[in-house]
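Asker: This is the structure I want to talk about, given as structure tokens.
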Amino acid sequence: MPKPEDSERYIGLEHMDTDSLQIRRWGAPTALIGQKLAMKKGDVLFAKRNAYIRRVAVAPFDGLFSAHGMVLRAKTDVCLHEFLPVFMSSDYFMERAIKISVGSLSPTINWSSLNREEFEIPSLDEQRRIADLLWAADDEIDSFRQLFAEACKLEASLKVSIFAGNHHKIKLGSLVDEGRLSFKTGPFGTVLKASSYVKKGVPVVNPVNMSDGKFYVDDGPFISEQEAKRLEIYKIFENDLIFGRKGDIGRGIFATKESEGYLFGSDCICVRVIGESIMPKYLFYFLTSPNSKRLLGAQSHGTTMPGINEKMLSRMEISIPDDSEQLEIVKKLEQVTKRNHKFKKEFLKALI
């Protein structure tokens with residue numbers, strides 16, 4: 001059971017990055033509630049929930065880890081401690097882990113199931129050779145990540161300067177009242193039950209499906225076409241703004257033609273522009289700006305998984321310049337965002 005001071009050395013699943021063995025952020029903004037897992041520096045941290053996101057890392061210090069994960073430590077007579085994390089981040093391990101996950105909305109691995117799995121591992125000498133090679137590659141990747149993080153900071157600074165102006169501001173709730181904007185929270189369990197899910201069908205997106213400005217839906221969850229018609233009010237249209245309600249406050253996706261027909265899930269809020277007085281992309285950049293994230297984060301409720309709701313969004317104030325200025329701002333931010341994405345894509349392609 002955590003003490004109040006343990007919040008400073010807490011690592012949650014939200015602090016872990018896909019295919020990265022290193023932890024770069026940690027800490028909880030408020031006191032932790034409920035049991036957590038004790039970890040020691042060098043232990044392997046594995047996110048057992050939504051294993052398809054592929055989150056494995058090495059603990060950088062003694063502290064606490066999310067109860068939605070596992071803490072593992074190598075028995076060095078059969079497995080080197082530096083080999084275990086690179087082994088667990090491999091396709092060989094991950095494909096098996098995903099296969100034994102249970103549940104539809106947030107598939108989770110049970111230790112009782114993983115405990116029964118058998119894997120072939122190389123000799124200790126071969127483990128050492130593999131670990132040396134892969135850790136060297138990971139260091140190169142981490143150098144890139146740091147460069148990319150600096151580029152993202154510059155992008156964030158630009159957004160701060162753009163949206164911190166002294167123009168006349170109006171509450172988003174007023175725009176809703178005027179019929180220029182709508183908010184819609186995704187269907188909860190009473191509307192969309194576990195029995196509604198199928199192996200293949202219409203994708204239902206939640207924050208776990210959002211990354212790099214895109215929806216990743218290949219691994220589900222899905223509902224049937226018939227069920228999707230019943231839930232048509234939760235259908236995504238082009239230019240909709242889909243935001244996660246929990247966890248990483250301010251994470252959002254600007255829906256394109258490609259994602260039309262998907263449904264947004266219970267952990268999402270759909271923001272839809274009605275009419276032409278405000279450009280959807282301008283509103284999207286405003287709501288994902290550091291200013292907005294900070295304000296929404298201050299209002300969020302909850303501890304281990306802080307969340308927002310429609311009322312909090314309604315209190316947000318936005319300045320709406322004329323169409324030409326909105327277009328200029330969108331073009332400027334799109335240029336920076338595309339450059340950063342291209343930078344990331346080209347580096348990853350070079351590694352492959």
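Asker: Kindly list the number of the only condition in (1) at pLDDT 90 or above; (2) over 30 Å from A28 (Cβ atoms) that fails for S277.
Answerer: (1)
Asker: To continue, here is another question. Restricting the search to the range 41-63, which residues are part of a loop (DSSP other than H, G, I, E, B) and within 21 Å of the chain's Cα centre (by Cα)?
Answerer: Selection gives K48, N50, R54, R55, A59.
Asker: Return the residue satisfying two criteria in turn: it lies in the range 115-130 and is under 17 Å from M94 (Cα atoms) and in contact (Cβ under 8 Å) with a residue 24 or more places away in the chain, and of such residues it is farthest from the chain's Cα centre (by Cα).
Answerer: Here is the first cut: in the range 115-130, the ones under 17 Å from M94 (Cα atoms) are 115-121.
Filter again for in contact (Cβ under 8 Å) with a residue 24 or more places away in the chain, leaving 119, 121.
On the way: F119: 30, I121: 32 Å.
The qualifying residue farthest from the chain's Cα centre (by Cα) is I121.
Asker: Would you be able to tell me the number of residues in the range 211-238 that are among the charged types (D, E, K, R), out of contact with any helix residue (DSSP H, G or I) (no Cβ under 8 Å at 6 or more places or on another chain), in a loop (DSSP other than H, G, I, E, B) and modelled with pLDDT of 90 or more?
Answerer: Summing the residues that are among the charged types (D, E, K, R), out of contact with any helix residue (DSSP H, G or I) (no Cβ under 8 Å at 6 or more places or on another chain), in a loop (DSSP other than H, G, I, E, B) and modelled with pLDDT of 90 or more in the range 211-238 gives 0.
Asker: Also, I was wondering about something else. For the range 151-201, which residues satisfy the criterion of being over 30 Å from R230 (Cβ atoms) and among the hydroxyl-bearing types (S, T, Y)?
Answerer: Result: S157, S161, S174.
Asker: Also, quick follow-up: I'm trying to understand the selection: among the residues of the range 134-185, which are farther than 30 Å from S277 by Cα, of a type in the set (A, V, I, L, M) and either modelled with pLDDT under 75 or touching a helix residue (DSSP H, G or I) at 6+ places or on another chain (Cβ under 9 Å) (or both)?
Answerer: Selection gives L134, A137, I141, L147, A149, A151.
Asker: Answer yes or no as to whether P107 is in contact with a strand residue (DSSP E or B) (Cβ under 9 Å, 6 or more places away or on another chain), of a type outside the set (A, V, I, L, M) and farther than 30 Å from Y197 by Cα.
Answerer: Details: in contact with a strand residue (DSSP E or B) (Cβ under 9 Å, 6 or more places away or on another chain): yes; of a type outside the set (A, V, I, L, M): yes; farther than 30 Å from Y197 by Cα: no.
So P107 does not fit the description; no.
Asker: Quick one: would you say A38 is small (G, A, S), surrounded by 19 or more Cβ atoms within 10 Å (Cβ to Cβ), in contact (Cβ under 8 Å) with a residue 12 or more places away in the chain and outside any loop (DSSP other than H, G, I, E, B)?
Answerer: no
Asker: Select from the range 186-210 the residues that are in contact with a helix residue (DSSP H, G or I) (Cβ under 7 Å, 6 or more places away or on another chain) and surrounded by 19 or more Cβ atoms within 10 Å (Cβ to Cβ) and list them in ascending order.
Answerer: Selection gives G186, P187, S196, V202, V208.
Asker: So, one more: Checking T190 against (1) in contact with a Pro (Cβ under 9 Å, 6 or more places away or on another chain); (2) free of Cβ contacts under 8 Å to residues at least 12 places away in the same chain, which single condition isn't satisfied?
Answerer: So T190 meets the others, but not (1).
Asker: Just a yes or no: is a residue in the range 66-76 part of a helix (DSSP H, G or I), within 25 Å of A137 (Cα to Cα) and in contact (Cβ under 8 Å) with a residue 12 or more places away in the chain?
Answerer: Taking every residue of the range 66-76 in turn, none turns out to be part of a helix (DSSP H, G or I), within 25 Å of A137 (Cα to Cα) and in contact (Cβ under 8 Å) with a residue 12 or more places away in the chain.
Asker: Tell me which residues, restricted to the range 27-51, are out of contact with any Pro (no Cβ under 8 Å at 6 or more places or on another chain), modelled with pLDDT of 90 or more and hydrophobic (A, V, I, L, M, F, W, C).
Answerer: Within the range 27-51, L37, A38, M39, L45, F46, A47 qualify.
The values are calculated or read from the model by the stated rules, or taken from the named source; none is laboratory data. On a predicted model such as this, the values are computed, not experimentally measured, just so you know. Because the Cβ atoms are built from the backbone with ideal geometry, glycine has one as well, and the counts that use them run over all protein chains shown.
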